[in-house]
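The values are calculated or read from the model by the stated rules, or taken from the named source; none is laboratory data. Bear in mind the structure is a predicted one, so any value in this text is a computation, not a measurement. Note that we place each Cβ from the backbone using ideal geometry, even for glycine, and neighbour counts take in every protein chain shown. Note: areas computed on protein heavy atoms with side chains; ligands, DNA, RNA excluded. Shrake-Rupley method; radii C 1.70, N 1.55, O 1.52, S 1.80 Å.
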Amino acid sequence: MKKLIFTLILPLIVVGGLVFANREIKKETPKVSPRKKLTTAEMKAARKQWEASPDGVMYKKWEASAAGKKVYASEAKIMKAIRGNSNMEAIISSLSLPAGSRVGFGVMANINGEDFILSFGPLKSDEFQQLHSLKVNDKILLKSHNVSHAPKYTYPIVSGDYVERDGKLIYNRPPRRGGC
């Protein structure tokens, strides 16, 4: 009887020890420490350093140029609609983007009398199926969460989140995965 109890308890102790050992390993902290946030002073110093670099100097020259000022003025015209996530009426002015553009799939659109690059992101054939039906001079309603610029382009870049033509939804950006 004692041998039977001993043979039943011994494997139970061994298995319990292994389970406890695995639990301890999982609780160890990762060796890679999380990136700490920079202080305001450190951010200002990093910005000053970047502005002194060749890329920073080129960017500052572009901002002060007539082309840079035009891009900023165009952005300012639609910024209220961007922040409010409200509908903007646009007219498709071109189905092709400027030469050398690297913003993925997009079209040129006229919003409030200004030309914009309307970008939808990296090329994925099935996702933009209905957007390929757009034609020049089509009127669309669009919503966006972001407008950006780059010295490479003479137009501001609007990210298209929602596009509607003739009261029908033709594009709605899918929600991000793994985020909020």
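Here are some notes:
- If you check Met108, Met79 for being closer than 30 Å to Tyr59 by Cα, of a type in the set (A, V, I, L, M) and not in a helix (DSSP H, G or I), only one passes: Met108.
- Subset of the range 89-131 [of a type outside the set (S, T, N, Q), under 21 Å from Tyr72 (Cβ atoms) and open to solvent by 10 Å² or more (accessible area, probe 1.4 Å)]: Leu97, Pro98, Val103, Met108, Gly113, Glu114, Asp115
- Considering the range 156-180, and only residues there that are in a loop (DSSP other than H, G, I, E, B) and over 14 Å from the mean Cα position of the chain (by Cα), the residue that is surrounded by the most Cβ atoms within 10 Å (Cβ to Cβ) turns out to be Pro156.
- Residue tally, condition open to solvent by 40 Å² or more (accessible area, probe 1.4 Å) and either in contact (Cβ under 8 Å) with a residue 40 or more places away in the chain or within 30 Å of Tyr59 (Cβ to Cβ) (or both), over the range 132-147: 8
- Residue check, Lys124 modelled with pLDDT of 90 or more and of a type in the set (Lys, Arg): no
- Looking across the range 137-155, just one residue is aliphatic (A, V, I, L, M) and part of a loop (DSSP other than H, G, I, E, B), and that is Ala150.
- Number of residues in the range 53-96 that are β-branched (Val, Ile, Thr) and either free of Cβ contacts under 8 Å to residues at least 12 places away in the same chain or closer than 15 Å to Tyr153 by Cβ (or both) equals 2.
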